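These notes are about the structure you will find just below.
The values are calculated or read from the model by the stated rules, or taken from the named source; none is laboratory data. In this text the structure is predicted, and so the values were computed from the model without any measurement. Cβ atoms come from the backbone with ideal geometry, glycine included; neighbour counts cover every protein chain shown.
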């Protein structure tokens, strides 16, 4: 079993300065290594045979190393090294050329290069974006592979020494430290400890044949999540509410009005970063609570396989001919002849929608749901989102006219429902059909009637109070001396309409 624990560090001034200096140097090393791999690609596969003037050899894919370096691209076993291994073996030469990198631990430099290699693998294997050069706002962490020890509320980081931290929860017995990541945030420094115990089994996974209940989820904006059991979870809108938008706008203006590269601008940026960090931790805490509620509902959770990055993309420029006819999207965008501006493509109206989707953070929520489901021995099923909001759950008729805003009205059978709840039911049904689940239908609970049915009189019976009144449950007062509320006498009794106080049967007439 592999777990991850996160703690907040309490470094002294010298340790915090060294961490900041390491982050800056590692960012430069990351960018230099990325540029080295890009140049090598152009030299090998675009320029063809290239004569390197420094080594005076012809560079080919079989004989050259990264950037035309003099290192041996072949391993001892006769196999060609990967680009990341070539760069790791050249680290001693890199340190000789730049002696100030000697203060950084060697495993930290190696993990920095493996981080770049992971970005390349994500690009080629998972169709993610090409690796980008890092700046100060996008690079603020480094990783240790070995040599880390924890003792009480102190952690030993090689070449940093013993650093204090807030030991919020102890590491379980039997777990060993695999890696440690030091990360700088707006409110301090944090350390993420990855631990492993091979003797402990991983979380159990429920098989599809064992699933008896399932809940369909539809992500929304008015409500954060719509469930197939007709329940919904509110969307707090941490970033897009009026108060937060106003405060963020004020802080952003204060940053933009300061002189660039000045201390005042740096202080204003720190306040803005702290404000945004508080919003982020509020959203994260709320999503964990939401994920826990959802996972407790059933054995399986069905969600849509949404491409959220495509949903929040900018609209493509609109191309048009001189007569105003719209052309295919790959034609160069045209300008309006009267105003000289681009033709309207709906981006200004879509901007608010993009902000709401980003604020809801559906991808992060689905990740937390998958984690909580795996931890609870449950399963998350993904379905195709096609026509989930246009299909009728009763007659299965698909028509874009079925939905109008938040209302759903089937044009075939007349079934009416909320559009989001209708979509969650369709997601549930899709998961059942796609994965062949055997779901047990719950029987409806019998609800006790509030009022019993009145008695049915015969033909010649006259309705009277004795015949028509229903027998209700008798409520007896509590046993006490004060049988009648409000009467303080020892022998309390209820007076009639014409009774007088002096006509009590047990009271003397005198």
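Applying the condition of being farther than 12 Å from residue 227 by Cα and crowded, with 20+ Cβ neighbours inside 10 Å to the stretch 300-317 and asking which residue is farthest from the chain's Cα centre (by Cα) yields 300.
Can you name the residue in the stretch 7-19 that is out of contact with any helix residue (DSSP H, G or I) (no Cβ under 8 Å at 6 or more places or on another chain) and surrounded by 13 or more Cβ atoms within 10 Å (Cβ to Cβ) and is also farthest from residue 164 (Cα to Cα) among such residues?
19
Looking across the stretch 358-392 at every residue that is out of contact with any strand residue (DSSP E or B) (no Cβ under 7 Å at 6 or more places or on another chain) and surrounded by 18 or more Cβ atoms within 10 Å (Cβ to Cβ), the one that is farthest from residue 293 (Cα to Cα) is identified as 392.
Filter the stretch 393-408 down to the residues that are surrounded by fewer than 16 Cβ atoms within 10 Å (Cβ to Cβ) and assigned to a strand (DSSP E or B), then identify the one that is modelled with the lowest pLDDT. Step through it out loud before you land on a result.
Filtering the stretch 393-408 for residues surrounded by fewer than 16 Cβ atoms within 10 Å (Cβ to Cβ) gives 394-401, 404-407.
Checking the rest, the ones that are also assigned to a strand (DSSP E or B) come to 398, 404, 407.
Numbers: 398: 91, 404: 87, 407: 90.
Restricting to residues being surrounded by fewer than 16 Cβ atoms within 10 Å (Cβ to Cβ) and assigned to a strand (DSSP E or B), the top hit is 404.
Quick check on the stretch 156-170: of everything there that is outside any strand (DSSP E or B) and either under 23 Å from residue 279 (Cβ atoms) or in contact with a strand residue (DSSP E or B) (Cβ under 6 Å, 6 or more places away or on another chain) (or both), which residue is modelled with the lowest pLDDT?
In the first step, residues of the stretch 156-170 are kept if they are outside any strand (DSSP E or B); the result is 158-160, 166-170.
Pick out the ones that are also either under 23 Å from residue 279 (Cβ atoms) or in contact with a strand residue (DSSP E or B) (Cβ under 6 Å, 6 or more places away or on another chain) (or both) and you get 166, 168.
Values: 166: 96, 168: 92.
Applying the filter and picking the extreme gives 168.
Summed over the stretch 93-107, residues that are touching a helix residue (DSSP H, G or I) at 6+ places or on another chain (Cβ under 9 Å) and either closer than 14 Å to residue 28 by Cα or free of Cβ contacts under 8 Å to residues at least 40 places away in the same chain (or both) total 8. Within the stretch 255-310, the residues that satisfy the criterion of being touching a residue at least 12 places away in the same chain (Cβ under 8 Å) and either over 23 Å from residue 364 (Cα atoms) or not assigned by TED's automatic domain parsing to the domain that holds residue 231 (or both) are 255, 268, 269, 270, 271. Only residues that are exposed (fewer than 14 other Cβ atoms within 10 Å of the Cβ) and part of a strand (DSSP E or B) were counted across the stretch 125-155, and they come to 2. Scanning the stretch 373-392 for residues that are over 18 Å from residue 304 (Cβ atoms) and part of a helix (DSSP H, G or I) yields 374, 375.
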